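S.K.: Pasting a structure here, questions to come.
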Ligand code: NAD
């Protein structure tokens, strides 16, 4: 059973990106610059943003973290994004979700310039993804395609099942897998909380992508012999023996599924790291479009 190791793959991508940054510097050019906005003090969001900022530094990008209290008005936040849109020194903008309830996530996403939308959530970029045009694919599905390419996973003609239909993971992943690319050309089934016979559908999948947020839900009886299993789920599960009082668990019962699958991406150490790689690649793309 092959472990689809996100650490090895993301390090490879980071190395490539840092070499490009070195060549920009050698030619007297500025480096890619990501602006990240964090509203409030949500613990998980703090960790995600800190990791993104740290990863920018690792590859030599500039990053600016802009923090607001959770009582910032929607208008103030939208104006701050407009300013970043106009700033020619900034290539990519991300606003860490979720946002406080009084702020419309859709308005925020639609205010980010599609040219700087390195999270790939703007409806214009989603539309381009659906139509198969060059775009910013959302970082998590983009990262998964890079993971499959790195490990030479054959996708053409395969049955792929994606569990989860969110705009940031499940739906765009289903589109990428069905598209006419080297990491696509699958026959895709998308499952969600109203799907009947989930076990039967999953057990026919050559490639199973699971983005549910239900720790340990996927067992070996749901998996075809030799299947490629990509686990997107990240859930904090209380564990008094862990230093932080919790552990991160994926949707897949790894030890059980490992008895049957051909490959599995681990949690942690799989798709999470690839999401950051996807964001860094998108930021490079935005920079190159901009220069
Ligand atoms: P979401 O809550 O928007 O979507 C969950 C999906 O799972 C829904 O579409 C729902 O219909 C489906 N679902 C739930 N229960 C189901 C069931 N019993 N049968 C079939 N489908 C079911 O979540 P999301 O934002 O797409 O995230 C999904 C998971 O991925 C979460 O654990 C999240 O933390 C994780 N995530 C990880 C990364 C990463 O970088 N690894 C990035 C984004 C999200």
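The values are calculated or read from the model by the stated rules, or taken from the named source; none is laboratory data. All of these numbers come straight from a predicted model, not from anything done at the bench. Please note: Cβ atoms are built from the backbone with ideal geometry, for glycine as well, and neighbour counts cover all protein chains shown.
S.K.: Of all residues in the stretch 258-268, which are more than 10 Å from the ligand (Cβ to nearest atom) and crowded, with 24+ Cβ neighbours inside 10 Å?
M.R.: 264
S.K.: Out of curiosity, is residue 271 under 19 Å from residue 136 (Cα atoms) and either buried (at least 17 other Cβ atoms within 10 Å of the Cβ) or touching a residue at least 40 places away in the same chain (Cβ under 8 Å) (or both)?
M.R.: Yes, satisfied.
S.K.: Tell me the residue from 210, 235, 195, 182 that is surrounded by fewer than 17 Cβ atoms within 10 Å (Cβ to Cβ) and either more than 8 Å from the ligand (Cβ to nearest atom) or under 26 Å from residue 43 (Cβ atoms) (or both), please.
M.R.: One residue alone meets the criteria, 182.
S.K.: When the residues of the stretch 118-141 are filtered to those that are over 25 Å from residue 33 (Cβ atoms) and part of a helix (DSSP H, G or I), which remaining residue is farthest from the ligand (Cβ to nearest atom)?
M.R.: Selected residue: 131.
So that you can scan it fast, the table gives a plain yes or no per residue for (1) in the same structural domain as residue 235 (by TED's automatic domain parsing); (2) under 26 Å from residue 291 (Cβ atoms); (3) assigned to a loop (DSSP other than H, G, I, E, B):
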site: 34; (1), (2), (3): no, yes, no
site: 41; (1), (2), (3): no, no, yes
site: 44; (1), (2), (3): no, no, no
site: 48; (1), (2), (3): no, no, no
site: 54; (1), (2), (3): no, yes, no
site: 58; (1), (2), (3): no, yes, no
site: 70; (1), (2), (3): no, no, yes
site: 77; (1), (2), (3): no, no, no
site: 80; (1), (2), (3): no, yes, no
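S.K.: Also, I was wondering about something else. Which one of these does residue 240 not meet: (1) within 14 Å of the ligand (Cβ to nearest atom); (2) outside any helix (DSSP H, G or I); (3) without any contact (Cβ under 8 Å) to a residue 24 or more places away in the chain?
M.R.: (1)
S.K.: Return a yes/no flag: does the stretch 219-226 have any residue that is modelled with pLDDT of 95 or more, within 19 Å of residue 189 (Cα to Cα), within 10 Å of the ligand (Cβ to nearest atom) and crowded, with 23+ Cβ neighbours inside 10 Å.
M.R.: Among the residues of the stretch 219-226, not one is modelled with pLDDT of 95 or more, within 19 Å of residue 189 (Cα to Cα), within 10 Å of the ligand (Cβ to nearest atom) and crowded, with 23+ Cβ neighbours inside 10 Å, which makes the answer no.
S.K.: Just to be sure I understand, how many residues within the stretch 120-141 are crowded, with 16+ Cβ neighbours inside 10 Å and free of Cβ contacts under 8 Å to residues at least 24 places away in the same chain?
M.R.: The total comes to 4.
S.K.: Quick one: would you say residue 99 is free of Cβ contacts under 8 Å to residues at least 12 places away in the same chain and over 30 Å from residue 29 (Cα atoms)?
M.R.: no
S.K.: Report yes if residue 68 is at pLDDT below 95, surrounded by fewer than 21 Cβ atoms within 10 Å (Cβ to Cβ) and at negative phi, otherwise no.
M.R.: The answer is no for residue 68.
S.K.: Name the residue, out of 84, 97, that is surrounded by fewer than 24 Cβ atoms within 10 Å (Cβ to Cβ) and within 16 Å of the ligand (Cβ to nearest atom).
M.R.: 97
S.K.: Report the residue count in the stretch 160-175 for those that are touching a strand residue (DSSP E or B) at 6+ places or on another chain (Cβ under 9 Å) and either closer than 14 Å to residue 230 by Cα or part of a helix (DSSP H, G or I) (or both).
M.R.: Qualifying residue count for the region: 11.
S.K.: Within the stretch 142-167, which residues are without any contact (Cβ under 8 Å) to a residue 60 or more places away in the chain and within 13 Å of the ligand (Cβ to nearest atom)?
M.R.: Selection gives 161, 162, 165, 166, 167.
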